[in-house]
Amino acid sequence: MQFQQLQYFVAVAETRHFTRAADLVHVAQPSLSQQIKALERELGADLFLRARGNITLTDAGEALLPLARRILADADTARHEVLELVQLRSGRIRLGATPSLCTGLLPDVLRAFHDRYPGIRLLIEEGGSHDLVRELARGALDLALVVLPLPTPSPALTTVELLREDLVVVSSPEAPVPGRGRTVRISDLEGERLVMFRHGYDLRELTVAACRAEGFEPDFAVEGGEMDAVLGFVRAGLGVAVVPRMVATKSGRGLRVIPLARPGLHRTIALAHRSDVAPPRAARELQRMLLER
């Protein structure tokens, strides 16, 4: 049974005339008649009682008509929904990002994307790069913003560098300024009480590695928080923290922001997706907006 045959059958049933039905579906009348006969052979029953000037449905035709209409309607609905997706009127994006990027980079970009494509649902998952890479690999995310280099090399992922971001030191305005000038060296953090992120957080690993490279172990006043908690503890005067400049700029109220002396600390942010599966159309559009921001 072919979809086209059902279209022809419904047209004849509604017009009760083979020639008018052929005009309705834009096909030659002999071709339409041949397809109706082929459908009847397929079903093993006549669908129409044919008399000159009087075409009526048989019992088999009466039984088939509502089913054929439903099939054609479902096909039209499917075509419409796919078109909506292609034209970015509906759908979803599953985006993973580190908490600091959710605070700093994403709000403005997602607002612009939502204004342009209000029918697209945005599903955001926060996590460290290690967790996001795992979620990408198992197909739970369409795109992820991760910190390079990846915690473990993954040939199954494609990454595109997005930005290189400076890190800064934040402290309470009432606390003594770390170091002696307008900038802070990593060595100046020796003896300072640090507010430290939880294990698995990219910024924790980067800061601890930088301190050890200067020959000392960092001293934690508080550890285990996410970005908002770390900034709140710093505002309360519990210690200092190393955070991305973008986050410090957006969340800097109640904080003293001090640049790191050259060469400073940086992190590279990249967009990642599975190499073997192309991201959905909506995700590719968000990727384009992130790269062009």
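Quick look at the values:
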| item | result |
| --- | --- |
| Residue that is nearest to Arg235 (Cα to Cα), among those in segment 250-268 that are part of a strand (DSSP E or B) and open to solvent by less than 50 Å² (accessible area, probe 1.4 Å) | Ile258 |
| Residue check, Ala144 surrounded by 16 or more Cβ atoms within 10 Å (Cβ to Cβ), more than 29 Å from Ala236 (Cβ to Cβ) and under 18 Å from the mean Cα position of the chain (by Cα) | yes |
| Qualifying position, being closer than 30 Å to Ala282 by Cβ, exposed (fewer than 15 other Cβ atoms within 10 Å of the Cβ) and without any contact (Cβ under 8 Å) to a residue 12 or more places away in the chain, among Arg79, Arg41 | Arg79 |
| Pick from segment 19-32, criterion touching a helix residue (DSSP H, G or I) at 6+ places or on another chain (Cβ under 6 Å) and either under 13 Å from Ile55 (Cα atoms) or outside any helix (DSSP H, G or I) (or both), ranking: most open to solvent (accessible area, probe 1.4 Å) | Thr19 |
| Among the residues listed as Leu271, Leu238, Leu286, the single one being in a loop (DSSP other than H, G, I, E, B) and either in contact with a Ser or Thr (Cβ under 9 Å, 6 or more places away or on another chain) or buried (at least 21 other Cβ atoms within 10 Å of the Cβ) (or both) | Leu238 |
| Close pairs (6 angstrom Cβ cut-off, 6 or more residues apart or separate chains): more than 11 Å from Val86 (Cβ to Cβ) in segment 279-290, part of a loop (DSSP other than H, G, I, E, B) anywhere | Pro279/Asp142; Ala283/Asp142 |
| Residue in segment 259-275 that is small (Gly, Ala, Ser) and more than 23 Å from the chain's Cα centre (by Cα) present | yes |
| Criterion violated by Gly139 - all others in (1) modelled with pLDDT under 90; (2) open to solvent by 30 Å² or more (accessible area, probe 1.4 Å); (3) closer than 28 Å to Ser90 by Cα satisfied | (2) |
| Residues of segment 97-140 satisfying the condition of being hydroxyl-bearing (Ser, Thr, Tyr) and part of a helix (DSSP H, G or I) | Ser100, Thr103, Ser129 |
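The values are calculated or read from the model by the stated rules, or taken from the named source; none is laboratory data. Please read all numbers here as calculations on a predicted model, not as lab measurements. Don't worry about glycine lacking a Cβ; one is built from the backbone with ideal geometry, like all the others, and counts go over all protein chains shown. Protein only, heavy atoms only, side chains kept; ligands, DNA and RNA dropped before computing areas. Shrake-Rupley method; radii C 1.70, N 1.55, O 1.52, S 1.80 Å.
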